């Protein structure tokens, strides 16, 4: 079974997702979302804590989705880091 942790902001907008291994964080617990992206000299790292809100299991794909909401309010600097993070991640996947 695949475990996918999804982080949302306080308005419900998706920020990032990461694949877990076998641990299933209980509802109400905190999860650290930490990742980085790099292309050439461009580098960005993000690390935020989210609280587990719900679990959703998809039988067809054998995937457990764990929805989390970020604990803190995002600053303008945080928003810019997420934009750069997603740009670099997209370039890596192409």
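What follows draws every value from the coordinates through simple rules; no lab data is involved. None of the values given here were measured: they were computed from a predicted structure. Note: ideal-geometry Cβ built from the backbone for every residue, glycine included; neighbour counts use all protein chains shown.
Here the chain is treated as a Stokes sphere of Kirkwood radius computed over C-alpha pairs; at 37 °C and 0.692 mPa s its diffusion coefficient rounds to 234 µm²/s.
Ordered by the count of other Cβ atoms within 10 Å of each Cβ, fewest first, 16, 1 give 1, 16. Using a Gaussian network model of the chain with C-alpha springs under 10 Å, which one of 46, 59, 31 is most mobile by mean-square fluctuation? Maximum fluctuation in the GNM of the chain, among the listed residues, is at 59. Were the residues from residue 24 through residue 87 laid out at 0.36 nm apart, the gain over their Cα-Cα distance would be 19.8 nm. Take every DSSP beta bridge whose two residues both sit in the chain; close to 75 percent of them are antiparallel. Using the rule -39500 (n - 2.57) for each DSSP H run of four or more residues, divided by the residues of the chain, the 222 nm mean residue ellipticity is -6500 deg cm²/dmol.
Taking other Cβ atoms within 10 Å as a rough exposure proxy, 73, 17, 36 sort from fewest to most as 73, 36, 17.
With an 8 Å Cα cut-off and a minimum separation of 6 or more residues, compute the relative contact order for the range 2-93 in percent. Averaging sequence separation for qualifying contacts and normalising by length gives 31 percent for the range 2-93. Highest GNM mean-square fluctuation among 51, 84, 41, for the chain modelled with Cα contacts below 10 Å: 41. Measure nothing but the geometry: give the 0 to 90° angle between the long axis through the Cα atoms of 76-93 and the longest principal axis through the Cα atoms of the chain, rounded to 10°. Tilt of helix 76-93: around 80 degrees. Comparing 19, 11, 47 in a Gaussian network model of the chain, where Cα atoms under 10 Å apart are tied by springs, the biggest mean-square fluctuation is seen for 11.
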